[in-house]
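Below is one structure, written out as structure tokens, with a few remarks after it.
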Amino acid sequence: MNYKAALEYISSLSSYGIVPGLDSISELCRRLKNPQSSLKFVHIAGTNGKGSVLAYVSTVMECAGYRVGRYISPTIFEYRERIQVNRRMISKAALCEGLEIIKKICEEMREDGLAQPTPFEVETALAFWYFREKKCDIVVLETGMGGLLDATNVIDNVITAVIASVSMDHMQFLGDNLRSIASQKAGIIKSGCRVVLMKQKEEVMEVVSEAAAAKGAELIIADSTKASHVKYGINRQSFDYMGYRRLEITLAGEFQVDNAVLAVEVIDSLGSSGFSISEKALREGLRSTVWHGRFTVISKKPLFIIDGAHNADAAQKLASSVEFYFTNRKIIYIMGILRDKEYDKIISATVKYANEIITVTPPDNPRAMTAFELAKEIAGLHPDVTAADSLEEAVEMSMLLAEPEDVIIAFGSLSYLGRLTQIVTGKARQNGKS
């Protein structure tokens with residue numbers, strides 16, 4: 001199996017969709033000799049912010065000298081991003097080798113009358129196999145959806161379970177109210193582990209607290225209101241917390257201070273569990289963390305930002321950051337949204353800040369809302385909206401509309417931001433911009 005064939009194999013499994021539950025992944029891992037059993041995990045659930053927290057924690061642990069696996073989804077630029085060790089993507093050779101083994105197991109499972117594992121289950125098993133091969137000291141693992149019935153929850157050796165911001169999303173799978181969704185997220189809590197919870201809505205706090213108590217797990221609250229001397233900025237932000245002064249992060253967005261505070265509490269928890277993490281490693285790790293697609297500046301003059309605000313809560317956070325950073329500046333949006341998301345709430349939370357809006361169809365995604373459909377939805381709330389025929393046209397239009405001091409923000413779905421970034425950075429190089 002070569003790399004092209006490996007990607008084609010994964011793509012061929014897409015018809016199996018999303019099937020919540022642990023039976024299939026448990027059997028797949030059993031036949032793979034349970035690679036997850038030899039690993040230690042930080043397991044992160046949440047509606048928004050879990051990827052940023054994963055990036056902070058894994059980078060700090062790497063700076064502390066550990067071999068760190070990270071498993072993320074979705075990706076921005078390349079498929080292999082989802083499986084990394086010390087920020088290096090899985091090699092094409094290793095991906096092909098692992099998928100060869102897993103494909104054979106899947107065929108055997110079907111021959112035995114069992115269900116074909118879904119793409120996410122195959123990818124999760126591949127990640128565990130690779131992390132075992134690489135002898136990772138710790139794996140920072142992001143749930144795909146929910147927690148309790150998510151394929152990643154096949155693991156047992158959880159050192160710290162982390163609950164980031166919880167809000168309404170994937171309601172068809174997780175429930176139609178916040179308590180139900182929080183209960184699914186809290187399903188990652190294992191007996192005796194530590195639980196680090198971001199302070200948030202009371203009903204979420206209650207559900208997670210009850211789940212932690214039921215499992216005999218110590219609960220730690222990460223309260224960003226206790227951060228002091230907070231200084232915000234597009235290029236650098238800093239804050240004091242837990243006795244640390246002037247902790248710095250380079251990820252932009254008001255909400256990133258909340259995520260960094262959560263990460264600091266996770267690192268402190270890991271320190272209490274026997275990992276050796278110096279203050280120098282903490283500072284270096286926070287400062288050097290990179291997380292593409294989350295209020296990320298990809299070009300300047302005009303300032304061009306990409307953000308994966310793909311649900312109502314993320315859209316509110318984006319709107320808050322836009323209002324905070326860009327008062328009295330002309331703002332141009334590029335919006336591309338998936339049809340199964342709360343597009344009406346994403347639109348209503350953000351449109352009032354834009355002077356001009358350009359809509360796009362996220363390419364190669366059957367769930368994509370067309371640019372025309374999205375523009376039609378926006379038109380009732382904003383007079384200046386135009387549907388672009390392609391990402392290239394959207395970028396060209398935005399650049400023509402913007403003066404050097406203006407701001408362009410592309411958001412709505414992570415699925416198109418990688419290609420859009422390539423288009424923008426290519427133009428910047430052509431024009432001699434950075």
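In debye to the nearest 20, how big a dipole does the chain give about its Cα centre with +1 on each Lys and Arg Cβ and -1 on each Asp and Glu Cβ?
Numbers: 50 positive and 53 negative charges, 286 e Å.
Here the size comes out at about 1380 debye.
For region 211-294, would you read off the P(r) tail past 17 Å as a percentage of all alpha carbon pairs? Working shown, then result.
Values: 1698 of 3486 pairs.
Value for region 211-294: 49 percent of Cα pairs lie more than 17 Å apart.
Which distance in Å, rounded to a whole number, links the C-alpha centroids of region 203-252 and region 335-405?
33
Based on Cβ point charges of +1 for Lys and Arg and -1 for Asp and Glu, what charge dipole magnitude is obtained for region 181-258 about its Cα centre, in debye rounded to the nearest 20? Write out the running numbers ahead of the final one.
Working: 11 positive and 10 negative charges, 62 e Å.
I would put it at about 300 debye.
Quick one: pull the percentage of alpha-carbon pairs in region 264-329 with a separation above 17 Å.
For region 264-329, the fraction of Cα-Cα distances above 17 Å is 60 percent.
On the protein heavy atoms, probe 1.4 angstrom, tell me the percent of accessible surface of the chain carried by carbon and sulfur.
Values: 8560 of 18070 Å².
Of all accessible area on the chain, carbon and sulfur atoms account for 47 percent.
Would you work out which of Asn328, Pro383, Gly308 lies farthest towards the positive end of the dipole of region 308-385, given +1 charges on the beta-carbon of Lys and Arg and -1 on that of Asp and Glu, about the Cα centre?
The Cα lying farthest towards the positive end belongs to Asn328.
With every protein chain kept in place and ligands, DNA and RNA left out, what is the accessible area per residue of the chain? Probe 1.4 Å, answer in Å².
Ligands and nucleic acids excluded, the figure is 42 Å² per residue.
When the scattering of region 147-297 is computed by the Debye formula from its Cα atoms alone, each counted once and equally, what is log10 I(q)/I(0) at q = 0.16 Å⁻¹?
-0.96
Among the listed pairs Lys50/Lys300; Lys301/Lys341; Lys199/Lys280; Lys345/Lys376; Lys341/Lys376; Lys50/Lys352, give every one whose C-alpha distance is greater than 24 Å. Provide the component values of the computation, followed by the final result.
Working: Lys50/Lys300 27 Å; Lys301/Lys341 32 Å; Lys199/Lys280 26 Å; Lys345/Lys376 15 Å; Lys341/Lys376 16 Å; Lys50/Lys352 27 Å.
Going by Cα-Cα distance, Lys50/Lys300; Lys301/Lys341; Lys199/Lys280; Lys50/Lys352 fall outside the 24 Å limit.
Would you compute, from DSSP H runs of 4+ residues alone, the mean residue ellipticity of the chain at 222 nm, taking -39500 (n - 2.57) per run and dividing by the full residue count, rounded to the nearest 500? Each step should come with its number before you reach the end.
Values: 15 runs with 177 residues, N = 434.
Calculated at 222 nm, the ellipticity per residue is -12500 deg cm²/dmol.
How much of the DSSP beta bridge set in region 84-223 is antiparallel, as a percent to the nearest 5?
Values: 2 of 11 bridges.
Bridges in region 84-223 that DSSP calls antiparallel: roughly 20 percent.
For a bin width of 5 Å, list the pair-distance distribution of region 338-434 built from all Cα-Cα distances, rounded to whole %.
P(r) over region 338-434, rounded to whole percents: 2, 12, 23, 27, 19, 10, 5, 1.
State the percent of C-alpha pairs, over all pairs in region 33-149, separated by a distance greater than 18 angstrom.
51
The values are calculated or read from the model by the stated rules, or taken from the named source; none is laboratory data. Predicted model only: the values in this text are computed from it and were never measured. Quick reminder, even Gly has a Cβ in these numbers, built from the backbone with ideal geometry, and neighbours come from all protein chains shown. These area figures cover heavy atoms from the full protein model, side chains too; ligands, DNA and RNA do not enter into them. Shrake-Rupley method; radii C 1.70, N 1.55, O 1.52, S 1.80 Å.
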